[in-house]
1. Residue 69: net charge of surrounding residues, Cβ under 9 Å, Lys/Arg +1, Asp/Glu -1, itself excluded?
2. What is the local net charge at residue 25, summed over the other residues whose Cβ is closer than 10 Å to its Cβ (Lys, Arg +1; Asp, Glu -1)?
3. Search the structure for amide H atoms under 5 Å from the amide H of residue 24, placed 1.01 Å from N in the peptide plane, and list their residues when 5 or more places away or on another chain.
4. Which loop-located GluC sites (Glu not before Pro) does the range 14-58 contain, where loop means any DSSP state but H, G, I, E or B and the Cβ has at most 15 other Cβ atoms within 10 Å?
5. Please list 73, 19, 89 in order of solvent-accessible area, largest first, computed with a 1.4 Å probe with all protein chains present.
6. When the Cα atoms of the chain are enclosed in a convex hull and the volume is divided per residue, what value in Å³ results?
7. At q = 0.17 Å⁻¹, work out log10 I(q)/I(0) for the range 56-95 with the Debye formula, treating every Cα as an identical point scatterer and leaving solvent out; two decimals please.
8. Quick check on the chain: helices-only [θ] at 222 nm, where DSSP H runs of length 4 and up contribute -39,500 (n - 2.57) each and the sum goes over total residues. Nearest 500, please.
Amino acid sequence: MHEMSITQGIIDLCQEHACGRRIRSIDVEIGQLSSTVPEAIEFCFEACSRETLLEGAQLNIIRTAGIGQCLECCRETPLAELYAPCQHCGGNRITVVAGEELRVREIEVDD
Ligand SMILES: [Zn+2]
(Lines give C-alpha, C1' and ligand atoms only; values in the text may rest on other atoms or scores of the structure.)
Protein backbone atom coordinates (compact mmCIF):
# COMPACT_ATOMS: atom_id res chain seq x y z
CA MET A 1 0.00 0.00 0.00
CA HIS A 2 1.38 3.36 -1.09
CA GLU A 3 0.08 5.16 2.00
CA MET A 4 2.08 2.85 4.25
CA SER A 5 5.42 3.97 2.83
CA ILE A 6 4.33 7.62 2.87
CA THR A 7 3.33 7.34 6.52
CA GLN A 8 6.60 5.62 7.36
CA GLY A 9 8.43 8.49 5.65
CA ILE A 10 6.50 11.04 7.70
CA ILE A 11 7.30 9.20 10.92
CA ASP A 12 11.01 8.92 10.06
CA LEU A 13 11.17 12.62 9.29
CA CYS A 14 9.46 13.56 12.56
CA GLN A 15 11.74 11.36 14.61
CA GLU A 16 14.78 12.94 13.00
CA HIS A 17 13.55 16.40 13.99
CA ALA A 18 12.41 15.48 17.48
CA CYS A 19 15.93 14.83 18.85
CA GLY A 20 14.67 12.07 21.11
CA ARG A 21 11.77 14.04 22.57
CA ARG A 22 8.24 12.73 22.49
CA ILE A 23 6.05 14.17 19.80
CA ARG A 24 2.72 15.53 20.92
CA SER A 25 1.17 16.36 17.58
CA ILE A 26 2.01 16.78 13.92
CA ASP A 27 0.32 18.73 11.14
CA VAL A 28 0.50 17.14 7.72
CA GLU A 29 -0.58 18.91 4.57
CA ILE A 30 -2.12 16.72 1.91
CA GLY A 31 -3.05 18.37 -1.36
CA GLN A 32 -6.39 17.62 -2.92
CA LEU A 33 -4.60 16.54 -6.10
CA SER A 34 -2.10 14.21 -4.47
CA SER A 35 -3.20 10.64 -4.94
CA THR A 36 -3.21 10.07 -1.21
CA VAL A 37 -6.20 9.12 0.88
CA PRO A 38 -6.12 10.94 4.26
CA GLU A 39 -8.12 8.20 5.98
CA ALA A 40 -5.53 5.66 4.89
CA ILE A 41 -2.73 7.82 6.29
CA GLU A 42 -4.58 8.04 9.61
CA PHE A 43 -4.99 4.30 9.66
CA CYS A 44 -1.32 3.64 8.85
CA PHE A 45 -0.20 6.24 11.35
CA GLU A 46 -1.85 4.32 14.17
CA ALA A 47 0.02 1.19 13.22
CA CYS A 48 3.39 2.71 12.27
CA SER A 49 3.72 5.05 15.25
CA ARG A 50 3.61 2.29 17.83
CA GLU A 51 6.78 2.16 19.93
CA THR A 52 8.17 5.30 18.32
CA LEU A 53 8.42 8.87 19.59
CA LEU A 54 5.09 9.45 17.91
CA GLU A 55 3.08 6.89 19.80
CA GLY A 56 -0.16 8.52 20.90
CA ALA A 57 0.60 11.74 19.00
CA GLN A 58 -2.25 13.72 17.51
CA LEU A 59 -2.21 13.62 13.71
CA ASN A 60 -3.79 16.66 12.10
CA ILE A 61 -4.37 16.39 8.39
CA ILE A 62 -4.83 19.61 6.49
CA ARG A 63 -6.32 19.31 3.04
CA THR A 64 -5.05 21.94 0.64
CA ALA A 65 -7.07 22.87 -2.42
CA GLY A 66 -5.99 22.24 -5.97
CA ILE A 67 -5.16 25.32 -8.02
CA GLY A 68 -4.10 25.47 -11.63
CA GLN A 69 -2.82 28.13 -13.99
CA CYS A 70 -4.61 28.06 -17.32
CA LEU A 71 -2.32 28.48 -20.31
CA GLU A 72 -5.23 29.50 -22.56
CA CYS A 73 -6.64 32.45 -20.62
CA CYS A 74 -3.73 32.91 -18.17
CA ARG A 75 -5.96 32.89 -15.12
CA GLU A 76 -5.88 30.76 -12.03
CA THR A 77 -8.59 28.15 -11.76
CA PRO A 78 -9.66 25.88 -8.93
CA LEU A 79 -8.88 22.25 -9.69
CA ALA A 80 -11.02 19.60 -8.08
CA GLU A 81 -8.98 16.92 -9.82
CA LEU A 82 -5.97 16.63 -12.08
CA TYR A 83 -6.80 17.28 -15.75
CA ALA A 84 -10.01 19.14 -14.90
CA PRO A 85 -10.72 21.89 -17.45
CA CYS A 86 -10.31 25.60 -16.70
CA GLN A 87 -13.41 26.99 -15.02
CA HIS A 88 -13.10 30.30 -16.87
CA CYS A 89 -12.59 29.26 -20.49
CA GLY A 90 -12.90 25.47 -20.48
CA GLY A 91 -9.30 25.11 -21.66
CA ASN A 92 -7.39 21.93 -20.99
CA ARG A 93 -3.85 23.27 -20.95
CA ILE A 94 -3.38 23.76 -17.24
CA THR A 95 -0.30 23.62 -15.07
CA VAL A 96 -0.80 22.72 -11.44
CA VAL A 97 0.19 25.50 -9.04
CA ALA A 98 -0.94 23.93 -5.76
CA GLY A 99 -2.62 20.84 -4.45
CA GLU A 100 -0.03 18.14 -5.15
CA GLU A 101 1.93 18.67 -1.94
CA LEU A 102 2.31 16.20 0.82
CA ARG A 103 4.44 17.51 3.63
CA VAL A 104 4.83 17.86 7.35
CA ARG A 105 3.97 21.44 8.22
CA GLU A 106 4.52 21.41 11.95
CA ILE A 107 5.76 19.13 14.72
CA GLU A 108 4.99 19.78 18.36
CA VAL A 109 7.26 18.08 20.88
CA ASP A 110 7.21 17.73 24.65
CA ASP A 111 9.57 20.11 26.48
ZN1 LIG B 1 -8.72 29.31 -18.92
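1. Counting the neighbours of residue 69, the net charge comes to 0.
2. -2
3. Under 5 Å from the amide H of residue 24: 108, 109, 110.
4. Listed in order of number, the matching sites are 51, 55.
5. Details: 73 45, 19 105, 89 70 Å².
Ranked list, largest accessible area first: 19, 89, 73.
6. Working: hull volume 10.8 nm³, N = 111.
Expressed per residue, the convex hull around the Cα atoms of the chain is 97 Å³.
7. For the range 56-95 at q = 0.17 Å⁻¹, log10 I(q)/I(0) is -0.44.
8. -8000 deg cm²/dmol
The values are calculated or read from the model by the stated rules, or taken from the named source; none is laboratory data. In this text the structure is predicted, and so the values were computed from the model without any measurement. Reconstructed Cβ throughout: ideal geometry from the backbone, glycine too, with neighbour counts over all protein chains shown. Please note that ligands, DNA and RNA were not included when accessible areas were found on the heavy atoms of the full protein model with its side chains. Shrake-Rupley method; radii C 1.70, N 1.55, O 1.52, S 1.80 Å.
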